[in-house]
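Worksheet: one structure, shown below.
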Amino acid sequence: MKFIIDFANLDQIKEMYEYYPLEGVTTNPSILAKEGKNPYEVLKAIREFIGTEAELHVQVVSLNAEGMIEEAHRIQKELGANTYVKIPVSREGLKAIKALAVEGANITATAIYTQMQAYLAGKAGAHYAAPYVNRIDNLGADGVKVAKDIHDIFKKNGLKTEVLAASFKNSQQVLELARYGVGAATVAPDVIEGLVKLDSVTAAVAAFTKDFEGLCGEGKTMVDC
Ligand code: E4P
């Protein structure tokens, strides 16, 4: 499972990249709005930091296919290779996905709440389909199950489309999908931090340090003992 960060603040992306094995960045219009700057300024700075090898996912906002396609062209032109255009899977979105797939664009079908949306997006030529795990949970359905079903539907129908699971609120949701081997997950910084914030780990490390200091003296490490 690829591990991607769902965020647009460059300082925090840089910090998270130092600590975690991240493989790209996803954004959406709400995430970009939080930065309060021109979106291309923010996205170009992210692209410069992550390089051209890493994936950068950027969403369109038009409501009709023609507008989405036009936005996709500008996004690709400004942000270059390995940029994935995120297109919500509405009726118009499917039309745009079909047309952009013919052009060879990298497409992430987004705003996915149902298995059938994902199936249709895959058939239309999307590279990724992004089910909104937590938002589905909040509707009273099972977001993890929807993401797993989509993964199975792609495999059983010979589609190359991969799941890019999104909208996580807890580590259990991420773990379940890693265990299932879905293609990718995009996770916000607070949830990423939660993946390793375990009291038992902190306590174990503190006990090791205390024992070592008993042996070599306070503040000593394997460098200066
Ligand atoms: C990714 O494609 C989505 O934009 C994002 O993960 C939504 O997350 P949220 O439900 O936390 O806003």
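The values are calculated or read from the model by the stated rules, or taken from the named source; none is laboratory data. Remember, it's a predicted structure, so these values are computed and weren't measured experimentally. So basically every Cβ, Gly included, is an ideal-geometry build from the backbone, and we count neighbours across all protein chains shown.
Residue 202 fulfils the conditions (1) hydroxyl-bearing (Ser, Thr, Tyr); (2) touching a residue at least 60 places away in the same chain (Cβ under 8 Å); (3) more than 16 Å from the ligand (Cβ to nearest atom) except for a single criterion, (2). Give 31, 13, 5 a once-over and let me know the one that is away from the ligand (no atom under 11 Å from the Cβ) and among the β-branched types (Val, Ile, Thr). On inspection, the qualifying residue turns out to be 13. The set of residues from region 183-195 being of a type in the set (A, V, I, L, M) and either surrounded by fewer than 17 Cβ atoms within 10 Å (Cβ to Cβ) or away from the ligand (no atom under 14 Å from the Cβ) (or both) comprises just one member, 195. Listed by first and then second residue, the pairs linking a residue in region 33-44 that is more than 19 Å from residue 77 (Cβ to Cβ) to a residue that is acidic (Asp, Glu) and modelled with pLDDT of 95 or more, with Cβ atoms under 9 Å apart and 6 or more places separating them unless they lie on different chains, are 35/41. Does region 58-73 include one or more residues that are among the β-branched types (Val, Ile, Thr), loosely packed, with under 15 Cβ neighbours inside 10 Å and touching an Asp or Glu at 6+ places or on another chain (Cβ under 9 Å)? Yes, region 58-73 contains a residue that is among the β-branched types (Val, Ile, Thr), loosely packed, with under 15 Cβ neighbours inside 10 Å and touching an Asp or Glu at 6+ places or on another chain (Cβ under 9 Å).
Taken as a whole, the condition of being within 26 Å of residue 183 (Cα to Cα), within 15 Å of the chain's Cα centre (by Cα) and more than 16 Å from the ligand (Cβ to nearest atom) does not apply to residue 84.
Per the conditions (1) at negative phi; (2) outside the structural domain of residue 109 (by TED's automatic domain parsing); (3) not aromatic (Phe, Trp, Tyr), the sole criterion not satisfied by residue 217 is (1).
Going by the conditions given, is residue 160 within 16 Å of the chain's Cα centre (by Cα) and assigned by TED's automatic domain parsing to the domain that holds residue 23? Spelling it out, it is not the case that residue 160 is within 16 Å of the chain's Cα centre (by Cα) and assigned by TED's automatic domain parsing to the domain that holds residue 23. Take the residues in region 173-182 that are within 15 Å of the ligand (Cβ to nearest atom) and in contact (Cβ under 8 Å) with a residue 40 or more places away in the chain, then tell me which one is farthest from residue 55 (Cα to Cα). Ranking the candidates gives 173 first. Please tell me if residue 169 is among the basic types (Lys, Arg), within 19 Å of residue 25 (Cα to Cα), within 12 Å of the ligand (Cβ to nearest atom) and surrounded by fewer than 21 Cβ atoms within 10 Å (Cβ to Cβ). So residue 169 fits the description; yes. When each of 187, 163, 146 is tested for being among the β-branched types (Val, Ile, Thr) and touching a Ser or Thr at 6+ places or on another chain (Cβ under 8 Å), the lone residue that passes is 146. Of the helices (runs of 4 or more DSSP H) lying entirely inside region 63-172, those containing at least 1 residues that are among the β-branched types (Val, Ile, Thr) and in contact (Cβ under 8 Å) with a residue 12 or more places away in the chain are 65-79, 91-103, 133-138, 143-156.
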